[in-house]
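Shown next, in structure tokens, is the structure this report addresses.
What follows is calculated from the coordinates using simple rules that are stated; it is not laboratory data. Because the structure is a prediction, the values reported are computed rather than measured. Please note: Cβ atoms are built from the backbone with ideal geometry, for glycine as well, and neighbour counts cover all protein chains shown.
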Amino acid sequence: MKAYIFPGQGSQFPGMGKDLYDSSLKAREIFEEANEILGFDIVEVMFEGDDEQLRQTSVTQPAIFIHSVAAARAAEDFAPDMAAGHSLGEFSALVAAGAMEFEDALKLVSIRANAMNRACMRNPGKMAAILMLDDEVVREICEQTEGIVVPANFNSPGQIVISGEEDAVSRACKAAKAAGAKKALPLPVGGAFHSPLMEQARADLAQAIDMTPFKTPVCPVYQNVDALPHTDPSEIKANLIAQLTSPVLWTRTIINMVEAGATDFIELGPGEVLTNLVRRIIS
């Protein structure tokens, strides 16, 4: 069974999508439609912009989403048996599976990115990767650390990202190293994603999602908040809203997809971050 997976923030790179634009008419239509929907030439930023421009949340998230959907449209024999996306990538998965129209989803992604950016400015925070430490140990460290810090991404065994207030994340990193973590690395992101510091962004996005039409997807979409397959539009909406302040359960998602029969994982979007994580999870 084919499982299609879609990356999230951090997989962007200068020139992303140019090969798709040049080689596929279906992909080119997505890029051109995106410019019209957003009201600015995001394609030029994707093709010609530098790392700094692409790191801006208001650009990064729509750019990765556009690239991923264009890749899905250009893919030959695209027939997913199941789909999943990492954080932002969940929107790409839902469009590819037919649960949302591209225009509606791109508007939501833009709203999401801007809401998260505002939340970062109101409540500064950071994220850090904890390597080679047991999940439960990381959870306990976060619970015992003063201030707001939580597990944000369970990416693969031995790779967990924590998120929260700057001082709290720094204290948790020190505790993780003392507990035996191989590394505790601050990440180059704009704020504390998937943490309570995103509460206002969650509320802003909830209003937009509630007003957006969703359909039953052509295949189950495994969502981040519970790592389970969903086809009911109301459940999908609720999970998308909860996602902003909940951890991404990626390890459990991949395990559940394998147990449901997934044999081939195909990543659509910039980079191969998720492909590498899948190898670590199922090896």
(message) Suppose each label sits 7 Å from its Cα in the direction of the beta carbon; what would the Lys107-Glu143 distance come out to in nanometres?
(response) 4.3
(message) List the GluC sites (Glu not before Pro) within region 112-196 that DSSP assigns to loop and that have no more than 13 neighbouring Cβ atoms inside 10 Å.
(response) Glu146
(message) Using Cα springs under 10 Å in a Gaussian network model of the chain, which residue among Gln53, Gln61, Gln207 shows the largest mean-square fluctuation?
(response) Gln207
(request) Sort Ile209, Ile255 so that the residue with the fewest other Cβ atoms within 10 Å of its own Cβ comes first and the one with the most comes last. (result) Ile255, Ile209
(request) Please work out which option in (1) 1.37; (2) 0.95; (3) 1.08 gives Cα Rg over 2.2 N^0.38 Å calculated from these coordinates, and answer with its label. (result) (2)
(request) Using DSSP to define loop residues, name the chymotrypsin sites (Phe, Trp or Tyr not before Pro) in region 36-94 whose beta-carbon has at most 16 other beta-carbon atoms within 10 Å. (result) Phe40, Phe78
(request) Just check region 167-262 against the gyration tensor rule for me: Cα atoms, a ≥ b ≥ c as the square roots of the eigenvalues, rounded for a/c under 1.5, and otherwise prolate or oblate depending on whether a/b exceeds b/c. (result) oblate
(message) For a test of the definition: using alpha carbon positions, the gyration tensor, and the 1.5 limit on a/c, classify region 77-222 as rounded, prolate or oblate.
(response) oblate
(message) For the chain, take the longest principal axis of its alpha carbons; what is the angle in degrees between that and the long axis of helix 57-74, to the nearest 10 within 0 to 90?
(response) 50
(request) Could you calculate the contour length gain from Glu272 to Glu36, that is, 0.36 nm times the residue separation minus the distance between their Cα atoms, to one decimal place in nm? (result) 82.1 nm
